[in-house]
Amino acid sequence: MKKINCILLVDDSISTNFYNKKLIDVCGIAKQVYEAKNGLEALDYLNKKGKFNNKLVDKEFPRPNVIFLDINMPKMDGFEFLEQYAKLPKHKRSDILLAFLTTSNWDKDKIKAYQKSNLVYDFIEKPLEKETLEKIYKYYIENPDFYGHHVH
């Protein structure tokens with residue numbers, strides 16, 4: 001089975017990240033899973049800054065193929081991250097599948113995200129479930145040129 005090289009979990013909840021990481025491991029769909037506690041950390045990850053600077057840390061931080069992004073986080077929430085993410089050079093965001101993972105009033109948030117950007121693939125209600133994860137995996141593997149498409 002082909003695996004996604006890297007998934008980035010962006011959520012301030014330690015328990016949510018733990019659960020999602022375990023589920024991804026059990027499903028066997030990703031080679032690596034990394035975590036960021038908020039949007040600022042996620043941007044640092046993408047830009048290889050701060051604690052994700054591999055010149056300072058003896059560790060590689062591969063470009064994520066899938067990002068699961070919480071909406072409500074301290075320092076920089078999911079929408080603020082999305083605004084900054086959209087400003088990144090296209091080569092830093094091309095072929096990254098971005099999905100909001102949230103417990104909020106997602107109909108309102110979904111409309112807001114789609115009005116702001118075509119970069120969001122889907123909104124997923126927490127907690128992440130095996131069927132949803134498998135759907136995203138299948139879509140990612142079967143649609144390598146999905147950039148800019150999203151589910152309504």
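The values are calculated or read from the model by the stated rules, or taken from the named source; none is laboratory data. As the structure is a prediction and not an experimental result, all values here were calculated from the model. Positions of Cβ are generated from backbone atoms using ideal geometry, with glycine treated the same way; all protein chains shown enter the neighbour counts. Remember, those area values only see protein heavy atoms, side chains included, never the ligands or the DNA or RNA. Shrake-Rupley method; radii C 1.70, N 1.55, O 1.52, S 1.80 Å.
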Scanning the range 26-58 residue by residue, the ones that are assigned to a loop (DSSP other than H, G, I, E, B), without any contact (Cβ under 8 Å) to a residue 12 or more places away in the chain and touching a Phe, Trp or Tyr at 6+ places or on another chain (Cβ under 9 Å) total 2
When every residue in the range 2-25 that is in contact (Cβ under 8 Å) with a residue 24 or more places away in the chain and of a type in the set (A, V, I, L, M) is compared, the one most open to solvent (accessible area, probe 1.4 Å) is 23
Filter the range 88-103 for residues that are part of a loop (DSSP other than H, G, I, E, B) and farther than 16 Å from residue 10 by Cα; the one that is least open to solvent (accessible area, probe 1.4 Å) is 88
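Working only within the range 63-87, note down all residues that are in a loop (DSSP other than H, G, I, E, B), open to solvent by less than 60 Å² (accessible area, probe 1.4 Å) and at pLDDT 90 or above. Spell out how you get there, then give the answer.
Of the residues in the range 63-87, the ones in a loop (DSSP other than H, G, I, E, B) are 63-65, 70-77, 87.
Add one more test, that the residue is open to solvent by less than 60 Å² (accessible area, probe 1.4 Å), and what stays is 64-65, 70-71, 73, 76-77.
Selection gives 64, 65, 70, 73, 76, 77.
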Only unsatisfied item for residue 19, checking (1) under 19 Å from residue 75 (Cα atoms); (2) outside any loop (DSSP other than H, G, I, E, B), is (1)
Taking the range 16-60 and keeping only residues that are among the small types (Gly, Ala, Ser), modelled with pLDDT of 95 or more and out of contact with any Lys or Arg (no Cβ under 9 Å at 6 or more places or on another chain), one is left with 36, 42
Taking the range 59-71 and the residues there that are under 14 Å from the mean Cα position of the chain (by Cα) and without any contact (Cβ under 8 Å) to a residue 60 or more places away in the chain, the one that is nearest to residue 119 (Cα to Cα) would be 69
